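Enquirer: Sharing a structure here in C-alpha cells format.
The values are calculated or read from the model by the stated rules, or taken from the named source; none is laboratory data. Bear in mind the structure is a predicted one, so any value in this text is a computation, not a measurement. Cβ coordinates were reconstructed from backbone atoms using ideal geometry, including for glycine residues, and neighbour counts include every protein chain displayed. Note: accessible area is taken over every heavy atom of the protein model, side chains too, but ligands, DNA and RNA are not part of it. Shrake-Rupley method; radii C 1.70, N 1.55, O 1.52, S 1.80 Å.
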Amino acid sequence: MGSKSDNVELKIAWLSKTFAIIVFAISIFLFVSCFFHVSYFTNIVHKFESIQLNSSVGFIFAAIALWLLNKPYKPMYKITILFCGALICCIGLFTIYEYAKSIHIFQILFLRFVEKNQLVTTTNVERIAPLSALSFLLLGLALTLACFKRTSFIYIHILCLFIFSISFFSLSGYLFGLEFFTGFLLSVKMSIYSILAFIVLSIGIVLQQGNYGIVKLFTDIHETIAGKIAYNSLLIIFPIELLLGVLHAQAEKYNLYGNTYGIAIFTFVNIAIIAAIILWNANKLQIEEKNKNMVQKELAENVLRLSSRNSQLNDFINIVCHNLRGPLSSITMITKFIDDTENFDEKVEMMANLNPVAESLNEVFNELVTSLQIKNDLEIESENNQLEQCVKSILGSMEPQLKKTHASLITDFSEAPVLFYPKKYIVSILYNLISNALKYRDTTKNPLIKIIAKKINDKVVLSVSDNGLGLDTKMHKDNLFKIGKVFHNHSEAKGFGLFMTRSQVEAMGGRIWVESSPGAGATFFVEFRNQNI
Amino acid sequence: MNKIHNVTIVDDDKLFAFITKKAIESTNLVEQIRIFGNGQEAITFLIDCINNHEPLPDIILLDLNMPIMDGWQFLEEFIVLPPRLNKKILVYVVSSSIAEQDIERAKALSSVSDFIVKPVSKDKILHVLKNL
C-alpha cells in the first residue's frame, strides 16, 4: 500500500512539474512572438483573440512559481514564489483597474520601457481580457497560498476550479460561437493561449497539492466505484465536448449548416452523450451494488456461522474448565487425602469415592465428544421428517417411563407435519425435551405433555409443554441452555440435555427458548429455519 | 492466634466439601464448619442469621458451578444482603475452573477476596485461615 501510494504521489508531482515546463516554454515562445509581433504565432486560430505580451509575462512567472512549488522547500524558493504570486495578482488587479478607469497602464509602462532601452519593436500592449485579469488574480492568490504549508488544500482547489471553469467557459464560447459567453464582461475575449495556459496551470497547482480532494477522485479509480465513475465521466465529457466544439467551429467556417440548426443538433448530441454516460454509470453502479449485496449476505451468513462456532468454543472451554477439571481435581484431592490420613477406615471410605468420580469423568468426556461432533448446516444433510413418526419412535423407547409415571401425551402436527432437518438431530431434540418433561414432573399430578408444531412464514416453531415443576426463567436466563447447569436438586439431573439440544438447534441456524415459572410447568420452543418445502 | 469461629463451605460436590472439612478440622484453627450444597441454601442461611442475630460466618468458600443457584448468582445476592453489623465476611471463590474469564470476573468483584483453583491443598487452606 505504502509503495503504491508513494508511486501515485510521485506521478502526480511529475505531472505538475511537466505542466510547469510546458507552460514556461510556450510562454517564452509567445513572449518572443509578441515582442516581435509575429501575428502568425500569437493568433493561431481563426477569429480568436491574440495573446498579449503582459499575459505571457504573467504565465512565465506562474510557470516558475509552479516549478518551484514542486521543489523541496527552501526559503529562497518561498520568497520567489511569493514574489511571482504577488506580481501575477498585480497584473490581474491593474488590468481590472485599467478597465474601471478606462486607461492603459501596461501600454504606457511598456512604451516607456521600450523608449528608455531604445528597443526595436512594432508590437503594442493592449488591455488583457477581463476574464483573464480575474483569472490572473485568482492564480496569483492560489500560488501565494500554495507556498504556505498550513493552507488547506480545499481553498487552493476552489481557486483552481474557478480558474479552470472560467477558461473552460471561454473555450466553449469560442468553439460553439456563442457571443454571449465570450463577450461576457465587456467585449474583449480571452485568447486561446491564455485559456489553455490557465487550464494547464490550474490543473498543475491542484496536482502540486498532492493526492487530495479532486485529485484523489482520479487516483482512486481502482479502489472506489465513485473514483471510477468520476474518472471515466470527466475524461469522456471534456474531450467529447471539445471535439464537438472543434467540429462545430469547422462546420460553421465552411457554412455547412445554419446556426439554429447547428444548435439543435448539438443540444441533441449533448443530451444523448450525457444520457449515455448516466446510463453507463448507473449500470456499473447497479452491478456493483448487486455484488455488494451478495458479499454482504455471505458475510452475514458467515458471521452467524462464526458466532455459533464461537459459542460452541466457549461451551467447550466451559466444559473443560468446570465439568472435566471438577472430577479431575476431586481425584487428586482423594488420593492426597488417602496418602495423608493415618486412619485405615478413612482410607477405605475414600477409595470407595474414587469410582463415582471416575465414572462421572468418563461420562462428561463422552458428552463432550458427542457435542463436538454436532455439525452445522453446511456439513450435514437434512431430510424430510414426518414429525408424527419421529415422536412415535421416541415413545417406543420411553414406554416404561411413560407407564410408570402415568404420563399422557398430546400431539398436533396438522400445521407442519413435515420438518426438513437432520433426522438424528430432530429425534435427539424431541427425546431430550420429552424426557426433561418427564424428569421434572410434578409428582402430585399425572404428567401431561403437549407437542405442537406451528408454521410461521418459512419457519416452523415446535413447542413442548408440560405441567411439571417449571423453573425460574428470570433467575436462570443466562444458564438455561449451558452445559452442566442444573436447576433442581434432582439426582438424575446432569445438565447435558438442554445444552445438547441447543447445540443441535443452533448449528442449523435455529433458536430455542423457554417460557416457564416455578410450579406452573414449562414450555420449550424450538424454531427451525428454511422450512419452505 | 485466635480461633476462627465459623467457616462455611458452599459446594455441591459433597466429596470436596467432606475432604475440605477434614482438612480444616485438622488445622485446629476453626470452631465450626458448615456445608451448603448450593447458593440458595447458603443465602437462606445468611438471611436467617441476620434476622435472628446469630453469628455470621468469618469465611465462605464458594464454588461457582452449582445447581439451583450458582456461585455468581450467590455473589449477586450476597452483595445486596441487609447491613451485616460491621462484620466483614471473607469470600473465597473455590472452583475447578482455570478459565481466565472466570478468574478475572471473580477478582473484579470487591466482595471476593481471592480465587482458589481446585484441588485445594492443606497449605492453601492454612494460608487462607491465617490471612483472616
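Enquirer: Which entries in the list A:K11/A:K297; B:K3/B:K118; B:K21/B:K88; A:K297/A:K459; A:K404/A:K474 go over 27 Å, if you measure between the two C-alpha atoms of each? Provide the component values of the computation, followed by the final result.
Expert: Working: A:K11/A:K297 39 Å; B:K3/B:K118 25 Å; B:K21/B:K88 22 Å; A:K297/A:K459 19 Å; A:K404/A:K474 32 Å.
Long pairs (Cα-Cα over 27 Å): A:K11/A:K297; A:K404/A:K474.
Enquirer: Continuing with the same structure: For chain B, what relative contact order do you get, as a whole percent, if you take Cα pairs closer than 8 Å and at least 6 residues apart?
Expert: About 24 percent, as a whole number.
Enquirer: Shifting gears a bit: Using only the alpha-carbon atoms, how far is helix A:259-318 inclined from the longest principal axis of chain A? Give it as 0 to 90 degrees, nearest 10.
Expert: 30 degrees
Enquirer: Another question about this same structure. Provide the per-residue ³J(HN,Hα) series for segment A:223-233, in order, calculated from phi with Karplus coefficients 6.51, -1.76, 1.60 and θ = phi - 60°, each as a whole number of Hz, with x at glycine and proline positions.
Expert: In residue order, the calculated couplings are 9, 10, 5, 4, x, 4, 5, 4, 4, 5, 4 Hz.
Enquirer: Could you list which residues have their amide H under 5 Å from that of A:T473, counting only those 5 or more apart in sequence or on another chain, with H placed in the peptide plane?
Expert: Placed amide hydrogens put A:S516 under 5 Å from A:T473.
Enquirer: Expressed as a whole percentage, what fraction of the accessible surface of chain A belongs to carbon and sulfur atoms when a 1.4 Å probe is rolled over the protein heavy atoms?
Expert: Carbon and sulfur atoms account for 63 percent of the accessible area of chain A.
Enquirer: Quick check: the angle from helix A:344-372's long axis to the longest principal axis of chain A, C-alpha only, nearest 10 degrees?
Expert: 50 degrees
Enquirer: If one computes the Cα centroid of segment B:87-103 and of segment A:429-465, what distance in Å separates the two points?
Expert: Going from one Cα centre to the other spans 37 Å.
Enquirer: Need one number: the % of Cα-Cα pairs in segment A:398-477 sitting beyond the 14 Å mark.
Expert: 67 percent
Enquirer: Using amide H atoms built 1.01 Å from N in the peptide plane, name the residues 5+ places from A:D412, or on other chains, whose amide H lies under 5 Å from its own.
Expert: Under 5 Å from the amide H of A:D412: A:I451, A:I452, A:A453.
Enquirer: What percent does the relative contact order of chain A come to when contacts are Cα pairs within less than 8 Å and at least six residues apart? Write down the numbers at each step before the final one.
Expert: Values: 669 pairs, mean separation 50.5, N = 533.
Relative contact order comes out at 9 percent.
Enquirer: Next up: Which values, in whole Å and largest first, are the semi-axes of the equivalent ellipsoid of segment A:96-175 obtained as the square root of 5 times each eigenvalue of the Cα gyration tensor?
Expert: That gives 31, 18, 12 Å for the three semi-axes.
Enquirer: Turning to a different aspect of this structure: Taking the Cα atoms only, what angle lies between the long axis of helix A:387-405 and the longest principal axis of chain A, rounded to 10 degrees?
Expert: In chain A, helix A:387-405 runs at an angle near 40 degrees to the longest axis.
Enquirer: Which helices pass in chain B if a helix is a full DSSP H run, must span at least 27 angstrom along its long axis by Cα, and must have mean Kyte-Doolittle hydropathy not below 1.0?
Expert: Answer set is empty.
Enquirer: While we're looking at this one, here's another question. Can you work out D for segment A:55-144 in µm² s⁻¹ from Stokes-Einstein, where Rh is the Kirkwood radius over C-alpha pairs, the temperature is 4 °C and the viscosity is 1.567 mPa s?
Expert: The Stokes-Einstein estimate is 92 µm²/s.
Enquirer: I've got another one for you. Give me the distance between the Cα centres of segment B:35-81 and segment A:272-349, rounded to whole Å.
Expert: A separation of 33 Å, based on Cα centres.
Enquirer: Give a quick list of trypsin sites (Lys or Arg not before Pro) in segment A:312-404 that DSSP marks as loop, anything other than H, G, I, E or B, with at most 16 other Cβ atoms within 10 Å. Please report the intermediate quantities before stating the final value.
Expert: Working: sites: A:R325, A:K336, A:K347, A:K375, A:K392, A:K403, A:K404; in loops: A:K375.
Sparse-neighbourhood loop trypsin sites (Lys or Arg not before Pro): A:K375.
Enquirer: Beyond 19 Å, what share of the Cα-Cα pairs of segment B:48-110 remains, rounded to the nearest whole percent?
Expert: Value for segment B:48-110 (Cα pairs over 19 Å): 35 percent.
Enquirer: For A:I28 and A:T151 in one chain, what is 0.36 nm times their gap in residues minus the Cα-Cα distance, to one decimal in nm? Please list the in-between numbers first.
Expert: Values: separation 123, 0.36 × 123 = 44.28 nm, distance 3.04 nm.
Computed gain between A:I28 and A:T151 is 41.2 nm.
Enquirer: Turning to a different aspect of this structure: Per the Debye formula with a single identical scatterer at each Cα and no solvent contribution, what log10 I(q)/I(0) holds for chain B at q = 0.09, 0.11, 0.17 Å⁻¹?
Expert: The calculated log intensity ratios at q = 0.09, 0.11, 0.17 Å⁻¹ are -0.23, -0.35, -0.88.
Enquirer: Over all alpha-carbon pairs in segment A:101-142, figure out the percentage whose distance exceeds 16 Å.
Expert: Tail of P(r) above 16 Å: 51 percent of Cα pairs.
Enquirer: Applying 1/(1 + (r/R0)^6) with R0 = 22 Å to the Cβ-Cβ distance of A:L354 and B:D123, what FRET efficiency is obtained, to the nearest 0.05?
Expert: Details: r = 23 Å, r/R0 = 1.05.
Plugging the Cβ-Cβ distance into 1/(1 + (r/R0)^6) gives 0.45.
Enquirer: So if each residue of separation counts as 0.36 nm, and I subtract the Cα-Cα distance between A:T260 and A:E399, what length gain in nm does that give?
Expert: Full-extension gain reported as 40.3 nm.
Enquirer: Going through segment B:1-66, which trypsin sites (Lys or Arg not before Pro) have at most 11 other Cβ atoms within 10 Å and a DSSP loop state?
Expert: B:K3
Enquirer: Counting pairs of alpha carbon atoms under 8 Å apart in space and at least six apart in sequence, what relative contact order in percent does segment A:247-373 give?
Expert: Numbers: 31 pairs, mean separation 23.8, N = 127.
Worked out over segment A:247-373, it gives 19 percent.
Enquirer: Sticking with this structure for a sec: Taking H placed 1.01 Å from N in the peptide plane, check which residues at least 5 places from B:M66 or on another chain put their amide H under 5 Å from its amide H.
Expert: B:G71
Enquirer: Write down Rg/Rh for segment A:324-465, rounded to two decimals, with Rg from the C-alpha atoms and Rh from the Kirkwood relation over Cα pairs.
Expert: My calculation of the ratio gives 1.17.
Enquirer: Give the percent of DSSP beta bridges with both residues in the protein assembly as shown that are antiparallel, rounded to the nearest 5. Spell out each step's value before the answer.
Expert: Values: 23 of 47 bridges.
Here the share of antiparallel DSSP bridges comes out near 50 percent.
Enquirer: Please identify the longest segment of chain A free of exposed GluC sites (Glu not before Pro), where exposed means a DSSP state other than H, G, I, E or B and no more than 12 other Cβ atoms within 10 Å.
Expert: The longest such stretch corresponds to A:1-222.
Enquirer: Turning to a different aspect of this structure: Subtract the Cα-Cα distance of A:F83 and A:T224 from 0.36 nm times their separation in residues, and report this length gain in nm to one decimal.
Expert: 46.7 nm
Enquirer: Report, largest value first, the span of the C-alpha coordinates of the protein assembly as shown along each principal axis, in whole Å.
Expert: Result for the protein assembly as shown: principal-axis Cα extents of 133, 72, 43 Å.
Enquirer: How large is ³J(HN,Hα) for each residue in segment A:85-96, as worked out from phi by the Karplus curve 6.51 cos²θ - 1.76 cosθ + 1.60 (θ = phi - 60°), to whole Hz, x for Gly and Pro?
Expert: Karplus-based 3J(HN,Hα) across segment A:85-96 equals x, 4, 4, 5, 4, 4, 4, x, 5, 4, 5, 4 Hz.
Enquirer: How large is the helix-only mean residue ellipticity at 222 nm for chain A, computed as the sum of -39500 (n - 2.57) over DSSP H runs with n ≥ 4, divided by its residue count, in deg cm²/dmol to the nearest 500?
Expert: -22000 deg cm²/dmol
Enquirer: Calculate one ³J(HN,Hα) per residue across segment A:138-154 by plugging θ = phi - 60° into the Karplus curve 6.51 cos²θ - 1.76 cosθ + 1.60, and present them in order as whole Hz with x for glycine and proline.
Expert: After applying 6.51 cos²θ - 1.76 cosθ + 1.60, I find 5, 4, x, 4, 4, 5, 4, 5, 5, 7, 8, 5, 7, 4, 6, 4, 4 Hz.
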